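S.K.: Structure provided below as structure tokens; questions to follow.
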């Protein structure tokens, strides 16, 4: 049996996701050059979703998306932006959360978040010097009274040939 990659969408999962994908819509009042349905056929929604999941799971840049498999990376990114604007990913997350709540149960009444974005006030004493400065005996200290660097050639002798 072939190994399933983390970005591949199973048929079972696709059945649940497919109904949530926003359908393309035309803006009212806008004058279009082509009739509805004319032009290029839209990409397959499953292929687009797999491309988005591929980028999110692997962490690659959009432009690094394999063209042979997914087609134009900018097209996949445009779908991602449109779907995000339509709230597709929030709905998908909420559906997944509700399903997990049914399976495992989430303690909605008791949730805790902890985080800190400031320096610990007593942290320096506990950890010591900065890791990049450790082991450098006096290199980081400024020595006053040290003679400035001067070239080996005397200034008066520069014009003379050697």
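Every read-out reported here was derived from the displayed coordinates using simple, explicitly stated rules and does not represent laboratory data. Everything numeric here is computed off the predicted structure, so don't read it as measured data. FYI the Cβ positions are ideal-geometry reconstructions off the backbone, even for glycines, and counts take in every protein chain you see.
S.K.: Efficiency by 1/(1 + (r/R0)^6): what FRET value for residue 108 and residue 35, r their Cβ-Cβ distance, R0 = 45 Å, to the nearest 0.05?
M.R.: E between residue 108 and residue 35, to the nearest 0.05, is 0.35.
S.K.: Continuing with the same structure: Between residue 26 and residue 56, how high is the FRET efficiency from 1/(1 + (r/R0)^6) when r is the Cβ-Cβ distance and R₀ = 25 Å? Nearest 0.05.
M.R.: Numbers: r = 29 Å, r/R0 = 1.15.
Given R0 = 25 Å and the Cβ-Cβ separation, E is 0.30.
S.K.: A further question on this structure: Once you keep just the Cα pairs under 8 angstrom separated by 6 or more residues, what percentage relative contact order results for segment 1-83?
M.R.: Relative contact order, segment 1-83: 33 percent.
S.K.: Given the Cα-Cα distance of residue 74 and residue 98 and 0.36 nm per residue of separation, how much length would full extension add, in nm? Don't skip to the end; give the middle numbers.
M.R.: Working: separation 24, 0.36 × 24 = 8.64 nm, distance 3.23 nm.
Full extension of this stretch gives 5.4 nm more.
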